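Quick notes on the structure that follows.
The values are calculated or read from the model by the stated rules, or taken from the named source; none is laboratory data. These numbers come from a predicted model, not from an experiment. Here the Cβ positions follow ideal geometry from the backbone for every residue, glycine too, while neighbour counts run over all protein chains shown. Ligands, DNA and RNA are excluded from the accessible area calculation, which covers all protein heavy atoms including side chains. Shrake-Rupley method; radii C 1.70, N 1.55, O 1.52, S 1.80 Å.
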Amino acid sequence: MSRRERERAILEIVDAQAIHTQADLVRALHERGARVTQATVSRDVKRLGLVKLPGPDGTYRYGLPEAATIPSRAAHEALASAFDEFTTGVFPGEGLLAVKTLSGCANAVAITIDEAALPGVVATLAGDDTIFILAASRREASQVLEQLRNLL
């Protein structure tokens, strides 16, 4: 299976079923006859821009970034759940906020922040266990800080 065929298969798989881990994706590709390693799938996931999306049951699955739009109420519930489960603190900076999470959880929490579309949040940037939030102004950073701390 060529890279192009494999990537097309990956898009079909994540659209058709809940894929929670790269290992799940490797298994699904093996079922389609693709001989692929987790390292290859990891590169494909990055190249395709797949993200982890929250599901209604609180688990996360791979999907396309444009599929990351969920109704506002559900987005705020997902944010509250992610903060309750994965976040350890929120800290102010000069127009920036730092959100600390459990190791490996920053991307999932950042997605819920983005989906919640909090007023004043311009952008998020996630690492392994830290998220930087750029606010539109210091005043809005203060308001976002208060909102997020209320979720802890």
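Things to note:
- Residues in the range 85-99 that are open to solvent by 30 Å² or more (accessible area, probe 1.4 Å) and not in a helix (DSSP H, G or I): T88, F91, P92, G93, E94, L96.
- The residue that is nearest to C105 (Cα to Cα), counting only those in the range 21-67 that are in a loop (DSSP other than H, G, I, E, B) and aliphatic (A, V, I, L, M), is L50.
- Residues satisfying the stated conditions in the range 1-20, i.e. assigned to a loop (DSSP other than H, G, I, E, B) and open to solvent by less than 60 Å² (accessible area, probe 1.4 Å): S2, A18, I19
- Cβ-Cβ distances below 8 Å connect the following pairs, each with a first residue in the range 76-101 that is under 21 Å from L134 (Cβ atoms), a second residue that is among the basic types (K, R) and not in a helix (DSSP H, G or I), and a separation of six or more residues or different chains: T87/K100; T88/K100; G89/K100; V90/K100; F91/K100.
- The residue that is most open to solvent (accessible area, probe 1.4 Å), counting only those in the range 126-147 that are of a type in the set (D, E) and in contact (Cβ under 8 Å) with a residue 24 or more places away in the chain, is D128.
Conditions tested, residue by residue: (1) surrounded by 14 or more Cβ atoms within 10 Å (Cβ to Cβ); (2) modelled with pLDDT under 95; (3) at negative phi.
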| site | (1), (2), (3) |
| --- | --- |
| A28 | yes, no, yes |
| R35 | no, yes, yes |
| S42 | no, yes, yes |
| G49 | no, yes, no |
| L53 | yes, yes, yes |
| T59 | no, yes, yes |
| I70 | yes, yes, yes |
| H76 | yes, yes, yes |
| A80 | yes, yes, yes |
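- In the set (1) in a helix (DSSP H, G or I); (2) surrounded by fewer than 21 Cβ atoms within 10 Å (Cβ to Cβ); (3) modelled with pLDDT of 90 or more, I113 fails one condition alone, (2).
- Test result for A106, open to solvent by less than 80 Å² (accessible area, probe 1.4 Å), at pLDDT below 90 and out of contact with any Phe, Trp or Tyr (no Cβ under 7 Å at 6 or more places or on another chain): no
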